[in-house]
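Here the structure comes first, spelled out in structure tokens, and everything after it is commentary.
The values are calculated or read from the model by the stated rules, or taken from the named source; none is laboratory data. From a predicted model like this one, the values you see are computed outputs, not experimental measurements. Counting neighbours? That spans all protein chains shown, and the Cβs are built from the backbone with ideal geometry, glycine included.
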């Protein structure tokens, strides 16, 4: 009879869970995740501090003129021109958001609900192209409208994606035409 009792006691002890150890592991994991999140946030703030020499963004003029083109879509961020992984976070340029773009003779007005909008004067526009990626966002070939513009002494690439990707070609043509007209007038 004794072997049966030992087997029953062994099965009974296998059902016992060490809750203290499990709770300890869960608390440790939660603290680790919180630490990683905090480090990421500090890195983002540090990048913004390093880019603190970037001048304030211009605001749209009172009378920008008649809209040449409008687009509704997403703003995917800005980077140093030609360096698609060097994200710019100063002045809210690193925050992804919905965006409403309006192109007028005065420049490009970017309105971002929930984030700070910005305006790029026509004289600051340097060109536009279709690309496949910008810091943290990779799409199909030609799926991203990238506008290059000058701000202070820095060239910036800003990435946008329209709700209707077929609009991108018209935007590239219009922005490059404005850039060529502006360069000819200089």
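Quick rundown of the values:
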read-out	value
The one condition in (1) in contact (Cβ under 8 Å) with a residue 40 or more places away in the chain; (2) surrounded by fewer than 17 Cβ atoms within 10 Å (Cβ to Cβ); (3) touching a helix residue (DSSP H, G or I) at 6+ places or on another chain (Cβ under 9 Å) that residue 142 fails to fulfil	(1)
Subset of the stretch 165-182 [more than 16 Å from residue 126 (Cα to Cα) and without any contact (Cβ under 8 Å) to a residue 24 or more places away in the chain]	165, 166
Odd one out for residue 64 among (1) outside any helix (DSSP H, G or I); (2) surrounded by 15 or more Cβ atoms within 10 Å (Cβ to Cβ); (3) under 22 Å from the mean Cα position of the chain (by Cα)	(3)
Any chance residue 147 is in contact (Cβ under 8 Å) with a residue 12 or more places away in the chain, outside any strand (DSSP E or B) and surrounded by 18 or more Cβ atoms within 10 Å (Cβ to Cβ)	no
Options 115, 128: the member that is buried (at least 16 other Cβ atoms within 10 Å of the Cβ), part of a loop (DSSP other than H, G, I, E, B) and touching a strand residue (DSSP E or B) at 6+ places or on another chain (Cβ under 9 Å)	115
Residue check, residue 92 loosely packed, with under 10 Cβ neighbours inside 10 Å, under 23 Å from residue 150 (Cβ atoms) and out of contact with any helix residue (DSSP H, G or I) (no Cβ under 8 Å at 6 or more places or on another chain)	no
Filter result (surrounded by 22 or more Cβ atoms within 10 Å (Cβ to Cβ) and more than 15 Å from the chain's Cα centre (by Cα)) within the stretch 152-170	168
Tally, over the stretch 83-112, of residues that are farther than 21 Å from residue 42 by Cβ and part of a loop (DSSP other than H, G, I, E, B)	5
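Residue by residue, here is whether (1) modelled with pLDDT of 85 or more; (2) within 15 Å of residue 135 (Cβ to Cβ); (3) surrounded by fewer than 16 Cβ atoms within 10 Å (Cβ to Cβ) holds:
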site	(1), (2), (3)
36	yes, no, yes
45	yes, no, yes
49	no, no, yes
59	no, no, yes
85	no, yes, yes
